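The values are calculated or read from the model by the stated rules, or taken from the named source; none is laboratory data. Quantities reported herein were computed from a predicted structural model and do not represent experimental measurements. Cβ placement follows ideal geometry from the backbone for every residue including glycine, while neighbour counts extend to all protein chains displayed. Areas reflect the complete protein model, heavy atoms only, side chains present, ligands, DNA and RNA absent. Shrake-Rupley method; radii C 1.70, N 1.55, O 1.52, S 1.80 Å.
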Amino acid sequence: PVRQITITYGQLNEQSDRLAGVLIDKGVLADDIVAIMMERSIELVIGIMGILKAGGAYLPIDPKYPSERIAYMLKDSGSTIVLSDYEKEIIINCQLLIVNCKLKNLPKAPSHHSSFILNGRPRRGLHHSNLAYIMYTSGSTGRPKAVVVEQRSVVNILFALLEKYPFCRTDSYLLKTTYIFDVSVTELFGWFLGGGRLAILEPGAEKDPQKIIEIVELLSVTHINFVPAMFYVLVNLLNQRNVWALKSLRYIFLAGEALLTAMVQGFLKLGTGILLENLYGPTEGTVYASGYSLNGWNGNGTVPIGTPLSNVRLYICDKYDRLQPIGIPGELCISGAGTAEGYLNNPELTAEKFINNRSYRTPRTYIIYK
């Protein structure tokens with residue numbers, strides 16, 4: 001049997017307030033980078049919320065990373081605080097301040113911060129241009145590069161998805177994506193805009209399609225993300241006898257890889273009525289930039305990446321940054337409210353990948369070369 005632990009909106013608000021007070025006590029200021037290294041859990045959600053309420057930006061680190069990679073990320077980011085629920089030798093060796101995120105270790109009420117913590121309101125003086133998170137991606141040279149994302153970019157993608165794929169009070173989003181990948185942002189924050197709930201998949205279960213099916217049925221999950229490779233495994237497991245277990249699902253979001261036509265057609269033939277959505281976007285574009293509904297696809301040719309989401313623009317340019325005519329191949333560039341601020345501590349790469357966009361008269365001043 002699945003062991004269920006539940007937490008209300010009020011409890012999440014109060015406990016993340018307490019954590020935010022602890023972080024402020026430790027000296028966290030607006031735009032400070034706070035590393036977080038935890039397994040997927042309720043405490044992870046509280047930890048990320050607490051960092052944001054304190055004014056910081058969260059830096060997700062996989063506890064399973066090699067020590068050398070962890071040390072590099074901590075040094076490169078300049079993070080001096082690590083939020084964790086256990087101790088790891090590499091953190092101790094880096095002489096960083098460790099904040100234990102087990103709920104029982106948090107103070108009951110940081111009363112001397114009462115001017116800050118008022119019914120869960122964020123720290124005064126914060127702005128939508130403050131940082132939300134720093135996410136490291138593997139560079140072409142093998143050296144990780146850190147993408148810097150502002151709060152306004154995250155808010156834009158969350159509202160864009162809410163508009164295109166409604167999420168209401170009776171809905172449930174499954175947190176199954178490893179939080180070092182940006183797709184997790186839609187799971188970590190996308191559920192409370194519509195007043196719904198978040199179901200958290202136990203660590204490791206994201207690799208087990210049968211376990212995912214069981215959790216979807218048990219917790220009445222309505223919104224779920226898949227990388228295509230895992231989706232294919234799921235499709236091969238489904239048949240007319242067990243597909244009913246997915247009856248609560250309204251949307252399946254696919255992103256991260258090009259889709260195989262046969263697998264999409266195989267799922268659609270099951271006649272589930274679940275809306276299958278192909279989403280595209282690099283980390284530099286804040287999760288997603290475009291979307292395409294596969295339920296209306298005719299099955300011919302490659303699967304399209306669709307049209308831009310709200311406040312996003314897509315361009316096809318030549319090597320001189322000039323717009324290509326319709327039907328002429330080129331380089332895909334992204335502009336708009338989802339555009340990241342660039343790469344942390346890497347002005348050369350930022351200048352190469354992010355260019356001035358005033359000539360195209362769009363909401364933001366940069367486009368991204370992918």
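Close amide H contacts of residue 57 (hydrogens built in the peptide plane, cut-off under 5 Å, sequence separation of 5 or more or a different chain): 31, 32, 33, 34. Extension gain for residue 202 to residue 356 (0.36 nm times residue separation, less C-alpha to C-alpha distance): 51.1 nm. Averaging Cα coordinates gives a centre for the stretch 14-28 and one for the stretch 160-217; these two points are 26 Å apart.
Per-atom-type breakdown for the stretch 132-289 gives carbon and sulfur 56% of the accessible area (1.4 Å probe, protein chains only).
Note on residue 307 and residue 193: their simple-model spin labels are 1.8 nm apart, each label 7 Å out from Cα toward Cβ. For residue 159 and residue 270, the difference between the fully extended length at 0.36 nm per residue and the C-alpha to C-alpha distance is 36.9 nm.
In the stretch 273-339, Rg over Rh equals 1.01, where Rg is the alpha-carbon radius of gyration and Rh the Kirkwood radius from pairwise Cα distances.
Placing pseudo-labels 7 Å out from each Cα toward the beta carbon at residue 7 and residue 258 gives an inter-label distance of 4.1 nm. Model label points for residue 348 and residue 129, set 7 angstrom from Cα along the Cα-to-Cβ axis, are 2.8 nm apart.
Taking 0.36 nm per residue of sequence separation and removing the Cα-Cα distance, the residue 242/residue 321 pair yields an extension gain of 23.4 nm.
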